[in-house]
Structures are given as C-alpha cells and as structure tokens.
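First up is the structure itself, then whatever we jot down about it.
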Amino acid sequence: MHSFASGTVFVEAADDGSCIIRIVSQLEIDPEDWGGVSFSMPGHLTVKQLTSSYPEDGTLDEIAGWPATWISTDTEQKYKTFVEIGRDRGQFPSRGGKGSVLIEMVSVPDMPIPDSFPIGISIGGYNKNGYDVMGAEYITIPITFKERE
C-alpha cells in the first residue's frame, strides 16, 4: 500500500506556561487502505481546531465526514486524544485520495505541561494472520521545550 503523511509541527509556549501546537500535514491514502492516518496526543492537550481537505477530489459531504476526533478516559493510556482521517473502523477501504490537515491543539488549563512529550502518528491498516491491524506504520515526534523560565 502507498499511504503517507508528511508535514511540520509548530510549537508556541506562552509566558503563563500554556502552549499551542499546530500540525500541518499533507497526506495520501491508498485506495485499499482502511487504516488511514491517525495523530495521537497526550492528555494535557486538547484539539481546538481541525481542518481537513481529505479527499481533495471529494464532495463537501465526503470531506466533512472523514476527520474524526476520539478522546479516551483511560488514565493509564499514554495518548488521550486521537485525530483520524481516512480510517474506517469497519475495515473497509476508504477510497483513498490526497488532502491536507491542520490540527491546532492547546494545553488544558490547570494541567502541567511536561518539558518533553511525544505526539504519535500512525498510518495504514492490514490483516495479518486473520487479525486486523490499525496503525501498520507508526512514529513518534518528540516535542521538547529546551528552556523554560
């Protein structure tokens, strides 16, 4: 399969200790891929804005229907918020296509922000030995505040 995401992460730290993180990404999802692209964030961040053009050649209803935001209440889980694009949890291919996404996250008020933390990105879905696997390829992007005053 040929699915990928590439982009840039912008990090802004405010004097009050809060932060804003923006992910700008171009993505392409293979027509046979049901796993799409997922961005995973830790619990001290919440999604403020989500804008997607996937699939660029789709109707307004198709474009509006693909981005999904999931929030976990599991306190033991490393990531709490997930933004998914082109992922079909019924394991049906998404039809594929190209698009871009802008995710703006802000720190949760009154929750401390660590000096470093990861953001995860996973791509793809496949069947292996009779089991469906989401996030066939996975990377973490380390976010580090080098100096804090």
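Cα centroid distance between segment 1-53 and segment 104-149, in Å?
First find each Cα centre; the distance between them is then 9 Å.
Run lengths n ≥ 4 of DSSP H only: what is the helix-derived mean residue ellipticity at 222 nm for the chain, with -39500 (n - 2.57) per run over all residues, to the nearest 500?
Helices in the chain give a 222 nm mean residue ellipticity of -1000 deg cm²/dmol.
Read through the labelled values (1) 1.14; (2) 1.08; (3) 1.18 and report the label of the one computed as Cα Rg over 2.2 N^0.38 Å from the structure.
Evaluating Cα Rg over 2.2 N^0.38 Å on these atoms matches (2).
Once ligands and nucleic acids are excluded and a 1.4 Å probe is used, how much of Met111 is accessible, expressed in Å² to the nearest 10?
90
Tabulate in residue order the Karplus-calculated ³J(HN,Hα) for segment 124-132, using 6.51 cos²θ - 1.76 cosθ + 1.60 with θ = phi - 60°, rounded to whole Hz; enter x for Gly and Pro.
x, x, 7, 10, 10, 6, x, 10, 7
If we count every other residue with Cβ under 13 angstrom of Met41's Cβ, Lys/Arg +1 and Asp/Glu -1, where does the sum land?
Its environment carries a net charge of +2.
Could you state the accessible area per residue of the chain in Å², with a 1.4 Å probe and every protein chain left in place? Before the final figure, lay out each step's value.
Working: 8630 Å² over 149 residues.
For the chain, the solvent-accessible area averages 58 Å² per residue.
Enumerate the calculated ³J(HN,Hα) couplings along segment 9-14 in order (Karplus 6.51 cos²θ - 1.76 cosθ + 1.60, θ = phi - 60°), each rounded to whole Hz, writing x wherever the residue is Gly or Pro.
Residue by residue, segment 9-14 yields 10, 10, 10, 10, 10, 8 Hz.
How many percent of the accessible area of the chain is carbon or sulfur, using a 1.4 Å probe? Let's see the in-between values first.
Details: 4530 of 8630 Å².
C and S fraction of accessible area: 52 percent.
The values are calculated or read from the model by the stated rules, or taken from the named source; none is laboratory data. Given the structure is predicted, the values throughout are model-derived calculations rather than measurements. Neighbour counts run over all protein chains shown; Cβ positions are idealised from the backbone, glycine included. The accessibility values were calculated without ligands, DNA or RNA, using every heavy atom of the protein model including side chains. Shrake-Rupley method; radii C 1.70, N 1.55, O 1.52, S 1.80 Å.
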